[in-house]
Amino acid sequence: MELGLKGRIAFVTGASKGIGRAIAEEFAREGVDLALFGRDRAKCEALAGEIRDENGAVRVVFSAIDFERPDTIRPAVTAAVEALGGVDILVNCAGGAPRGLLEDIPDEKWEQGFAVKPIGLMRMSREVLPYLRKSTQGRIINIAGTRGREPSMFSVMAGPINLGTLSATKVLANALGADGITVNAVNPGSTDTGRWTDLIGREARQRGVSEAEAEKHLLSEVPLGRVVMPEDIANVVVFLASARAGMISGTAINVDGGRTRSI
Ligand SMILES: NC(=O)c1ccc[n+]([C@@H]2O[C@H](COP(=O)([O-])OP(=O)(O)OC[C@H]3O[C@@H](n4cnc5c(N)ncnc54)[C@H](OP(=O)(O)O)[C@@H]3O)[C@@H](O)[C@H]2O)c1
């Protein structure tokens, strides 16, 4: 399917690794110019170099941002806009609250989790908005999480934080439709980033079984029988960014192999 994204400009937060990295790489394959936002300059600049090597014509810049320091957002966005000349697509992917029971999570972790998403994505969207309004195909795509729909007591932060992200998605979609900007969320199920490895380890310890058995048990809850790969998320994000998805707004798509039980 021709997605017609060549020459568009995407800003991706949380681009240094995991899902954000896969999204950036998939955009580059479609010929999209990129601004990668993250805290780790060395990691992001190395990734920018790799993407340039593999996709000759694509422009890639890095801008340092830390959502726990809101004063870093405006300079990062301004620098990226100056380097690339505008923006068509904003992907808010930064995040990744720690798993744990209620008594495992101190206040500081709650504050960090909300500062990155959903508050961070609202701040980022507000900052990018004046430039996005100038695009002929404005897009905001938020990476939320299936726990926003089906909270788990074992990952107590993921419910409130991702529900907030889903609500932010709907609010932005309502507010920005008149500007022709679509706003959607993608809900990853447990995805094969470092977080999956942590989950297997935790499950093995809690159940007193080997990691192989823990992984088998976790996968038994997924109808499609395999872990979600970062590329599975990236494929949906790239589609939502394209003109093909022009009438989809204010919704959230689960990419979880069918694991979420609710309709
Ligand atoms: N993996 C899953 O199973 C899963 C499931 C549901 C939802 N999600 C969501 O998907 C998104 C990506 O998850 P992932 O598994 O790819 O996580 P990851 O591998 O841990 O990557 C998280 C990204 O967020 C960035 N980040 C974290 N805190 C930040 C801050 N204060 N300021 C700026 N950037 C910050 C990290 O940058 P640094 O390199 O600077 O740390 C990194 O690039 C998250 O929003 C997560 O909640 C993931």
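What to note about this one:
- The residues of region 77-101 that are modelled with pLDDT of 95 or more, more than 16 Å from the ligand (Cβ to nearest atom) and farther than 21 Å from Lys6 by Cα amount to a single one, Thr78.
- For region 148-174, a residue qualifies if it is touching a strand residue (DSSP E or B) at 6+ places or on another chain (Cβ under 6 Å) and within 15 Å of the ligand (Cβ to nearest atom), and the qualifying residues are Thr165, Leu166, Thr169.
- Residues that are surrounded by 24 or more Cβ atoms within 10 Å (Cβ to Cβ) and near the ligand (Cβ under 7 Å from one of its atoms) within region 17-36 comprise Ile19, Gly20, listed in sequence order.
- The residue that is nearest to Gly113 (Cα to Cα), among those in region 40-57 that are surrounded by fewer than 19 Cβ atoms within 10 Å (Cβ to Cβ) and touching a Phe, Trp or Tyr at 6+ places or on another chain (Cβ under 9 Å), is Arg41.
- Among the residues of region 95-124, the one identified as in contact with a strand residue (DSSP E or B) (Cβ under 6 Å, 6 or more places away or on another chain) and surrounded by fewer than 24 Cβ atoms within 10 Å (Cβ to Cβ) is Arg99.
- Counting the residues of region 215-234 that are in a helix (DSSP H, G or I) and within 15 Å of the ligand (Cβ to nearest atom) gives 8.
- Remark: Arg126 falls outside the filter, which requires a residue to be near the ligand (Cβ under 9 Å from one of its atoms), within 21 Å of Glu68 (Cβ to Cβ) and in a helix (DSSP H, G or I).
- Residue count for region 174-198, restricted to those that are assigned to a loop (DSSP other than H, G, I, E, B), among the polar types (S, T, N, Q) and out of contact with any Leu (no Cβ under 8 Å at 6 or more places or on another chain): 1
- Condition check for Gly201: in a helix (DSSP H, G or I) and either basic (Lys, Arg) or not assigned by TED's automatic domain parsing to the domain that holds Thr165 (or both): yes
The values are calculated or read from the model by the stated rules, or taken from the named source; none is laboratory data. Bear in mind the structure is a predicted one, so any value in this text is a computation, not a measurement. Every residue, glycine among them, receives a Cβ derived from its backbone with ideal geometry; neighbour counts consider all protein chains shown.
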